[in-house]
Amino acid sequence: MTLDTLRLTAEDAIDLVERGDASPAELHAAYRAAIGERDDELHCFLTHVEEADGARSIPIALKDIIGTKGVRTTAGSKILENYVPVYDSTVAQRCKDAGLSLLGKTNTDEFAMGSSTENSAYGPSRNPWDPTRVPGGSGGGSASAVSAGMAPWALGSDTGGSIKQPSSLCGNVGLRPTYGTVSRYGVVAFASSLDQVGPVTKTVRDNALLYRIISGRDECDSTTVDVPPVELPSAEDLRGVRVGIPRELNEAEGIEPGVSAAVQRALALAEELGAEIDTCDLPRSVEYGLACYYLIAPAEASSNLARYDGVRYGLRVDNGGDYYATTASTRDAGFGDEPKRRIMLGTYALSAGYYEAFYGQAQKVRTVIGREFSAAFERFDVLLSPTSPTVAFKLGERTENPLAMYLADVLTIPPNMAGLPGISIPCGLSAGLPVGLQIIGPQFAENTLFRVGHALERALDFDTVPERLR
Amino acid sequence: MAISREQVLHVAKLAELDLGEDELARLADQLNAILEAVGKVSELDLSDVPPTSHPLDVVNVLRADEPRPSLPLDDVFSNAPARDDDSFRVPPSA
């Protein structure tokens with residue numbers, strides 16, 4: 001049979017295999033063909049995998065920040081260009097245990113630091129809706145691959161918005177789960193109090209299916225906790241759901257009118273489906289969130305990236321000097337501009353004389369953000385806003401201005417600081433490009449996000465296939 | 001509060017980055033712009049607010065203290081730039 005990978009959901013693919021209407025080998029061949037047809041242009045994959053045991057079941061693509069035994073894992077960096085993990089990350093293992101097989105490793109901004117994949121040492125990925133535009137980042141490879149039918153689903157990782165924002169820009173569904181629900185064991189670390197792995201899919205139900213596979217406590221990651229059973233959403237109404245519209249997240253400077261209009265239409269639909277909608281305030285979370293993030297995340301990154309010293313693994317640039325000179329020249333040659341900026345910023349924020357004013361103060365702001373969201377969730381089950389203030393921007397548009405790039409995550413960062421789950425679902429087009437709706441819940445409310453996301457997805461009836469590929 | 005070239009050099013040394021001259025100059029400019037933006041956190045009086053270091057209330061996660069096999073040495077060294085028997089080989093430190 002002919003498989004249209006642009007339309008096929010993972011749930012459909014599982015059904016086809018279970019009914020015997022398609023073999024895993026046929027599925028893999030169809031995705032390989034799509035990759036062959038489109039990846040030269042979109043550059044979503046850094047490494048392709050031909051599984052020796054043949055295709056076991058449903059294919060998946062993993063962001064190249066996720067360690068895979070025997071398969072090169074670069075984190076988008078030259079410093080890990082030849083790094084081949086000798087063990088599987090817990091999420092990669094859980095995918096294997098569920099019968100999923102790896103199609104390849106997807107492009108990412110170096111060490112997941114960026115909002116466009118333009119910081120990848122291996123060149124940017126492109127947006128399948130318009131290849132002159134970015135797919136978002138850091139997980140732009142995963143998001144673009146799913147939208148372009150090159151993988152039925154994928155995993156990403158989200159520190160400041162690296163799952164939600166690319167899903168918004170590529171028009172698919174991305175979940176950043178509650179902090180502590182998905183193991184980071186074997187995943188390249190960026191900012192450990194923020195990093196979470198999560199699913200990128202075409203539909204909310206696929207997202208719940210994949211979240212069910214990867215989530216749950218892992219003794220190899222002591223930050224993980226027991227997770228409530230994942231419920232596949234089926235209800236198509238929102239009766240009894242209390243929806244909050246945080247003014248600051250919906251009226252922030254820089255939100256494009258076309259983005260606001262698409263979100264407004266989704267809110268009107270939510271009300272038609274029976275949701276009770278009211279506005280609320282997060283006065284300091286949005287105003288101070290970005291500054292708070294750009295102190296805490298670089299501080300943690302400067303510590304996590306200290307491990308790249310050219311001793312145990314990774315690049316070594318031996319300039320004939322002593323150990324310290326070798327380490328410093330290794331790191332200068334191996335890291336690109338963005339990791340260097342963040343290492344420098346984080347080292348400065350943690351250094352003697354500046355620690356209290358920068359890092360210490362940012363940790364207190366983080367408490368304030370958590371309290372504001374907790375207060376909002378006394379009144380509401382979910383909060384809605386745009387995921388990204390803009391639709392996909394042009395390649396090169398923000399690369400010379402780091403602060404402009406950082407603003408891409410201004411709406412995803414505040415809930416991330418509080419460890420909250422958020423899902424982005426496509427809610428319409430603006431100038432022919434997808435707009436994402438961010439649905440934020442209290443900690444461990446993934447089932448609520450799936451329910452709300454599914455009902456809205458049905459009502460919105462958004463076509464996730466990029467117009468130019470239909 | 002501008003960060004000086006000397007401070008950038010000092011931070012680069014702490015971070016073990018051997019930055020070139022052009023990189024130093026460019027980074028100093030960019031760091032100044034970023035520091036000005038993130039310095040916004042100091043506008044708030046938060047003397048009575050406790051810091052958050054971790055978003056969940058999880059404390060003292062312990063595992064059973066039972067021995068189990070670790071990775072074979074050949075695996076451990078498979079990504080190492082230089083090996084000397086059962087050690088990582090590095091340049092001299094003095």
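Pairs are defined by a Cβ separation below 9 Å, a sequence spacing of at least 6 or placement on different chains, a first member in region A:10-22 that is more than 19 Å from A:Leu103 (Cα to Cα), and a second member that is part of a helix (DSSP H, G or I); the pairs so defined are A:Asp21/A:Asp15. Evaluate region A:366-376: report whether one residue or more is crowded, with 23+ Cβ neighbours inside 10 Å, of a type in the set (Val, Ile, Thr) and more than 14 Å from chain B (Cβ to nearest Cβ). Within region A:366-376, not a single residue is crowded, with 23+ Cβ neighbours inside 10 Å, of a type in the set (Val, Ile, Thr) and more than 14 Å from chain B (Cβ to nearest Cβ).
For the residues A:Gly321, A:Gly289, A:Gly274, A:Gly310, the requirement of being outside any helix (DSSP H, G or I), of a type in the set (Gly, Ala, Ser) and more than 9 Å from chain B (Cβ to nearest Cβ) singles out A:Gly274. Scanning for something surrounded by 20 or more Cβ atoms within 10 Å (Cβ to Cβ), in contact with a Gly (Cβ under 9 Å, 6 or more places away or on another chain) and either within 14 Å of A:Trp153 (Cα to Cα) or not acidic (Asp, Glu) (or both), does region A:11-29 turn up at least one residue? There is at least one residue in region A:11-29 that is surrounded by 20 or more Cβ atoms within 10 Å (Cβ to Cβ), in contact with a Gly (Cβ under 9 Å, 6 or more places away or on another chain) and either within 14 Å of A:Trp153 (Cα to Cα) or not acidic (Asp, Glu) (or both). Scanning region B:23-50 for residues that are more than 7 Å from chain A (Cβ to nearest Cβ), over 20 Å from the mean Cα position of the chain (by Cα) and of a type in the set (A, V, I, L, M) yields a total of 1. Here is the figure for region A:325-337: residues that are within 7 Å of another protein chain (Cβ to nearest Cβ) and within 13 Å of B:Pro91 (Cα to Cα) total 4.
Can you tell me which residue is nearest to A:Val317 (Cα to Cα) among those in region B:59-86 that are more than 7 Å from chain A (Cβ to nearest Cβ) and among the β-branched types (Val, Ile, Thr)? Full working, then the answer.
If we filter region B:59-86 for residues that are more than 7 Å from chain A (Cβ to nearest Cβ), which is where we start, we get B:59-60, B:62, B:64-70, B:72-74, B:76-77, B:82-86.
With the extra rule that they be among the β-branched types (Val, Ile, Thr), the set shrinks to B:59, B:76.
On the way: B:Val59: 41, B:Val76: 20 Å.
For region B:59-86, the residue satisfying everything is B:Val76.
From the list A:Ser215, A:Ser192, which one is touching an Asp or Glu at 6+ places or on another chain (Cβ under 7 Å) and among the polar types (S, T, N, Q)? If you could, list the steps in order and put the result at the bottom.
Numbers: A:Ser215 fails: touching an Asp or Glu at 6+ places or on another chain (Cβ under 7 Å).
Sole residue among the options that is touching an Asp or Glu at 6+ places or on another chain (Cβ under 7 Å) and among the polar types (S, T, N, Q): A:Ser192.
The residues on offer are A:Arg331, A:Arg341, and the sole one that is assigned to a helix (DSSP H, G or I), in contact (Cβ under 8 Å) with a residue 40 or more places away in the chain and farther than 26 Å from B:Pro51 by Cβ is A:Arg331.
Residue under question is A:Gly346, and the condition is that it be in a loop (DSSP other than H, G, I, E, B) and surrounded by 24 or more Cβ atoms within 10 Å (Cβ to Cβ); does it hold? For A:Gly346, the condition - in a loop (DSSP other than H, G, I, E, B) and surrounded by 24 or more Cβ atoms within 10 Å (Cβ to Cβ) - is not met.
Annotation: B:Gly20 fulfils all but one of (1) surrounded by fewer than 16 Cβ atoms within 10 Å (Cβ to Cβ); (2) facing chain A (nearest Cβ under 9 Å); (3) at pLDDT 95 or above; the unmet one is (3). Under the condition of being out of contact with any strand residue (DSSP E or B) (no Cβ under 8 Å at 6 or more places or on another chain) and of a type in the set (A, V, I, L, M, F, W, C), which residue from region A:411-453 is surrounded by the most Cβ atoms within 10 Å (Cβ to Cβ)? If we take residues in region A:411-453 being out of contact with any strand residue (DSSP E or B) (no Cβ under 8 Å at 6 or more places or on another chain) and of a type in the set (A, V, I, L, M, F, W, C), then A:Met417 is surrounded by the most Cβ atoms within 10 Å (Cβ to Cβ). If you take the residues in region B:48-94 that are at pLDDT below 95 and of a type in the set (Gly, Ala, Ser), which one is surrounded by the most Cβ atoms within 10 Å (Cβ to Cβ)? The extreme case among them is B:Ser53. Any idea which of (1) surrounded by 20 or more Cβ atoms within 10 Å (Cβ to Cβ); (2) of a type in the set (A, V, I, L, M, F, W, C); (3) under 22 Å from the mean Cα position of the chain (by Cα) is the one A:Leu238 doesn't satisfy? The single condition A:Leu238 does not satisfy is (3).
The values are calculated or read from the model by the stated rules, or taken from the named source; none is laboratory data. In this text the structure is predicted, and so the values were computed from the model without any measurement. Note: ideal-geometry Cβ built from the backbone for every residue, glycine included; neighbour counts use all protein chains shown.
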